[in-house]
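Read the structure below first, then the notes.
The values are calculated or read from the model by the stated rules, or taken from the named source; none is laboratory data. Predicted model, so just to flag it, every value in this text is computed and none were measured. Glycine also receives a Cβ, built like all others from the backbone with ideal geometry; neighbour counts cover every protein chain displayed. The accessibility values were calculated without ligands, DNA or RNA, using every heavy atom of the protein model including side chains. Shrake-Rupley method; radii C 1.70, N 1.55, O 1.52, S 1.80 Å.
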Amino acid sequence: MCGIFGVVTNHDQPLGSILVEAGRRLAYRGYDSIGCATISGNGQIDLRKDAGKIDEVNERWQLGEMRGRRGIVQLRWATFGAPSQANAQPHLDSDGDLVGAHNGNIVNHVSLREAFVEQGMTVRSTNDGESCVHAVERYVNTGLDLVDSIRRAYDDLQGDYAFVIGHQSSPTLHAIKKGSGLVVGIADKMTCVSSDLPSILPLTNQILRVCDGEIATLWSDRVELRRVSDGALIEREPETFTQGMEAAVKSGYAHFMLKEIHEQPQVAAELIHWLAASPHVEPFLEAMTSARRLYLVGCGTSYHACLVGAAYLNRLAKLAAVPVLAPQFRETLAHTLTPEDTVVFVSQSGETKDVLNALNATRPSGARILGVLNVLGSTLMQASQHYLPLACGYEISVPATKTYLNQVVLFLYLADRLSGRRIDWQAVPQLIQQTVDQTDSQARQVALLLNSFREFYFLGYGETLGVAMEGALKLKEITYLHCEGMLSAEFKHGPLSAVFDGYPVLFVNAPQDAAMMVNHVNEVTCRGGRAIAVAVEDELLRKNVNDYLLLPTTSPELTALLAVLPLQLISYYMSVARGIDPDFPRNLSKTLTVD
Ligand code: M6R
């Protein structure tokens with residue numbers, strides 16, 4: 001995700017404290033590296049950056065003491081290039097005249113970097129943000145002015161991003177937006193630009209929104225907006241932001257969980273772009289397909305993604321992958337491993353002790369270790385021969401939402417690629433958005449219904465088993481009620497006895513399983529139970545259930561991916577109705593580093 005902030009004033013002054021404070025307020029967007037650059041009135045650039053959290057890097061490099069007339073700070077959440085001093089942002093161009101930083105992903109940065117090197121430019125990192133600076137540099141070198149150079153660079157840089165850049169000999173900063181957040185603040189003799197409002201509000205509440213395809217040029221006393229396509233000036237008045245800081249930090253959402261649920265179309269888009277362009281996917285797939293035995297290992301939500309992933313690999317790619325809970329893996333399988341086996345460890349944090357225990361039990365066998373993780377630089381990343389990132393940015397809320405979705409996106413992407421590519425990936429982020437929009441009010445109604453009971457079952461089959469289990473875990477985690485997620489076919493083997501008149505049972509159905517699922521539904525309804533379907537339109541299913549939470553009709557593989565969205569919303573609305581803070585449920589912590 002990452003965060004950028006830039007400030008422009010009219011004379012040299014201490015800027016370090018402004019930059020560090022802005023960085024602290026953006027730390028929720030990234031915290032594995034931080035860097036500051038200041039440009040003084042005589043054009044001197046002071047650049048200090050390193051891997052680590054903001055207070056660590058501040059102490060190491062005295063960021064707070066930096067002076068200048070203009071300044072940039074960047075908080076990094078690594079996706080391209082490991083967290084390191086070289087990969088930390090901002091970056092300089094070849095001669096050190098330009099300095100800039102970005103937020104988002106430049107998916108064609110590998111080919112761009114090759115081109116920059118061929119053209120004789122000095123590339124110092126493997127981070128995609130550096131491409132933004134060189135992409136501008138090569139047009140500046142042809143004699144174009146800075147605004148036109150940025151406009152040309154915009155066409156060369158593929159992906160979703162925003163970046164801020166300044167030249168040593170001009171009094172301005174320039175920022176551009178293409179798919180990532182960007183807002184401008186206008187204060188007295190000072191302007192600023194940032195990925196998000198919390199870093200701007202301590203300085204001003206006069207806010208100018210920047211849209212995709214626009215360049216903002218900031219002087220200390222004014223801001224100019226232009227269209228990238230033709231360079232035309234845009235007239236837009238600043239607005240006065242009247243809400244408080246807390247509303248700004250949560251982007252207006254009541255809780256981080258809801259904010260993160262709504263971020264899912266964006267993070268999925270970023271991951272899909274990343275996967276399509278990444279050279280890391282092929283070796284990862286090779287290690288999976290060449291394995292004698294293939295295991296997918298995780299805990300909690302990450303394990304549920306393994307369940308869905310294994311079903312996708314089985315049905316779409318005809319690849320046998322065994323999903324296993326990490327502690328079970330250590331106790332029942334680790335001693336049978338050989339160097340011909342591959343174990344994919346799946347973990348948002350990359351630090352879960354149960355996962356690391358299983359990993360340590362795997363090492364002596366020589367089996368290949370792969371990682372799927374959100375936190376780059378984590379122990380899991382370092383131990384993995386190949387890893388793929390989830391590219392979700394910082395997930396603050398204890399209940400995992402966006403990282404689960406991207407775990408499933410990733411597995412579906414791998415299965416689809418192995419099967420010869422059938423899914424229209426460009427359409428997926430929009431389908432996620434449509435599902436959130438379309439199911440929100442239905443989810444509120446189901447939440448109201450379920451909230452009058454104290455226990456429930458969520459049932460799934462095949463690809464939707466992991467989804468039902470994930471929905472049940474979310475509900476347990478943030479409502480403190482009991483909900484069991486299980487295989488619909490297993491329900492008759494015992495739990496069916498719990499059903500009484502009106503007892504709610506939720507069925508998550510993928511289109512290919514409807515005929516089978518109708519049997520499982522009827523086993524419940526004929527005993528007076530109330531069946532709630534989460535499914536795309538299916539005439540037979542609709543006739544057999546009491547309530548129908550309708551998902552958008554799309555290719556069948558996508559149903560299991562989309563079905564989790566209303567389940568997240570149901571548990572969120574139930575939690576809030578019970579007066580619980582879903583972001584910080586009792587007894588739980590985001591990363592479990594204990595046995
Ligand atoms: O960081 P990890 O993905 O390894 O965490 C595993 C579980 O602790 C985690 O998924 C937990 O179940 C979530 N809080 C559920 O929302």
So residue 539 clears everything in (1) more than 21 Å from residue 399 (Cβ to Cβ); (2) not assigned by TED's automatic domain parsing to the domain that holds residue 457 except one condition, right? Which one? (2)
Look through the range 18-45, keep the residues that are open to solvent by 10 Å² or more (accessible area, probe 1.4 Å) and among the hydroxyl-bearing types (Ser, Thr, Tyr), and return whichever of them is farthest from residue 105 (Cα to Cα). 40
In the range 179-208, how many are outside any loop (DSSP other than H, G, I, E, B) and in contact with a Phe, Trp or Tyr (Cβ under 6 Å, 6 or more places away or on another chain)? 3
Which one is nearest to the ligand (Cβ to nearest atom) among residues in the range 339-364 that are surrounded by fewer than 24 Cβ atoms within 10 Å (Cβ to Cβ) and under 17 Å from residue 398 (Cα atoms)? 349
Return yes when residue 153 is on the phi < 0 side of the Ramachandran plot, assigned to a helix (DSSP H, G or I) and crowded, with 20+ Cβ neighbours inside 10 Å and no when it is not. yes
Got a number for residues in the range 96-117 being free of Cβ contacts under 8 Å to residues at least 24 places away in the same chain and open to solvent by 10 Å² or more (accessible area, probe 1.4 Å)? 5
Taking the condition open to solvent by less than 10 Å² (accessible area, probe 1.4 Å), under 20 Å from the mean Cα position of the chain (by Cα), closer than 28 Å to residue 266 by Cβ and at pLDDT below 95, does residue 81 pass? no
Applying the selection to the range 445-491, what residues are over 27 Å from residue 587 (Cβ atoms) and outside any loop (DSSP other than H, G, I, E, B)? 445, 462, 463, 464, 487, 488, 489, 490, 491
Contacts under 8 angstrom Cβ, first residue in the range 295-308 being farther than 18 Å from residue 458 by Cα, partner among the acidic types (Asp, Glu) and near the ligand (Cβ under 9 Å from one of its atoms), 6 or more apart: 299/354
Can you tell me which residues in the range 380-398 are within 16 Å of the ligand (Cβ to nearest atom) and open to solvent by 10 Å² or more (accessible area, probe 1.4 Å)? 381, 382, 383, 384, 387, 394, 396, 398
For residue 367, state whether it is open to solvent by less than 30 Å² (accessible area, probe 1.4 Å), at pLDDT 95 or above, in the same structural domain as residue 414 (by TED's automatic domain parsing) and within 15 Å of the ligand (Cβ to nearest atom). no
Which numbered condition in (1) open to solvent by less than 10 Å² (accessible area, probe 1.4 Å); (2) under 29 Å from residue 106 (Cβ atoms); (3) outside any helix (DSSP H, G or I); (4) among the hydrophobic types (A, V, I, L, M, F, W, C) is the only one that residue 211 fails? (1)
Kindly indicate whether residue 303 is over 22 Å from residue 476 (Cβ atoms), among the hydroxyl-bearing types (Ser, Thr, Tyr) and either crowded, with 22+ Cβ neighbours inside 10 Å or out of contact with any Ser or Thr (no Cβ under 7 Å at 6 or more places or on another chain) (or both). no
Find the residue count for the range 284-313, including only residues that are over 26 Å from residue 429 (Cβ atoms) and away from the ligand (no atom under 16 Å from the Cβ). 8
Residues of the range 126-148 being open to solvent by less than 10 Å² (accessible area, probe 1.4 Å) and more than 30 Å from residue 268 (Cα to Cα), in sequence order, are 137
Single residue of the range 319-338 satisfying the filter (without any contact (Cβ under 8 Å) to a residue 60 or more places away in the chain and under 14 Å from residue 285 (Cα atoms)) that is farthest from the ligand (Cβ to nearest atom): 320
Scan the range 32-73 residue by residue and report those that are within 27 Å of residue 349 (Cβ to Cβ) and either part of a strand (DSSP E or B) or outside the structural domain of residue 130 (by TED's automatic domain parsing) (or both). 33, 34, 35, 49, 50, 51, 73
Per-region count, the range 424-454, residues over 16 Å from residue 573 (Cα atoms) and not hydrophobic (A, V, I, L, M, F, W, C): 7
Every residue in the range 224-257 that is at pLDDT 90 or above and in contact with a Pro (Cβ under 8 Å, 6 or more places away or on another chain), please. 255, 257
I'm checking my understanding of the structure. Among residues of the range 411-431 that are of a type in the set (A, V, I, L, M, F, W, C) and out of contact with any Lys or Arg (no Cβ under 9 Å at 6 or more places or on another chain), which one is nearest to residue 273 (Cα to Cα)? 425
Inside the range 433-478, can you point out the residues that are open to solvent by 10 Å² or more (accessible area, probe 1.4 Å), among the hydrophobic types (A, V, I, L, M, F, W, C) and without any contact (Cβ under 8 Å) to a residue 60 or more places away in the chain? 453
Return the residues of the range 399-422 that are touching a Ser or Thr at 6+ places or on another chain (Cβ under 9 Å), away from the ligand (no atom under 16 Å from the Cβ) and at pLDDT 95 or above; say none if nothing qualifies. 418
Scanning the range 370-379 for residues that are modelled with pLDDT of 95 or more and more than 9 Å from the ligand (Cβ to nearest atom), which turns out surrounded by the most Cβ atoms within 10 Å (Cβ to Cβ)? 372
Residue satisfying all of: in the range 1-23; in contact with a helix residue (DSSP H, G or I) (Cβ under 7 Å, 6 or more places away or on another chain) and under 20 Å from residue 260 (Cα atoms); modelled with the lowest pLDDT among these: 1
The one condition in (1) modelled with pLDDT of 95 or more; (2) assigned to a loop (DSSP other than H, G, I, E, B); (3) in contact with a helix residue (DSSP H, G or I) (Cβ under 9 Å, 6 or more places away or on another chain) that residue 139 fails to fulfil: (2)
For residue 488, only one of the following conditions fails: (1) buried (at least 24 other Cβ atoms within 10 Å of the Cβ); (2) within 27 Å of the chain's Cα centre (by Cα). What is its number? (2)
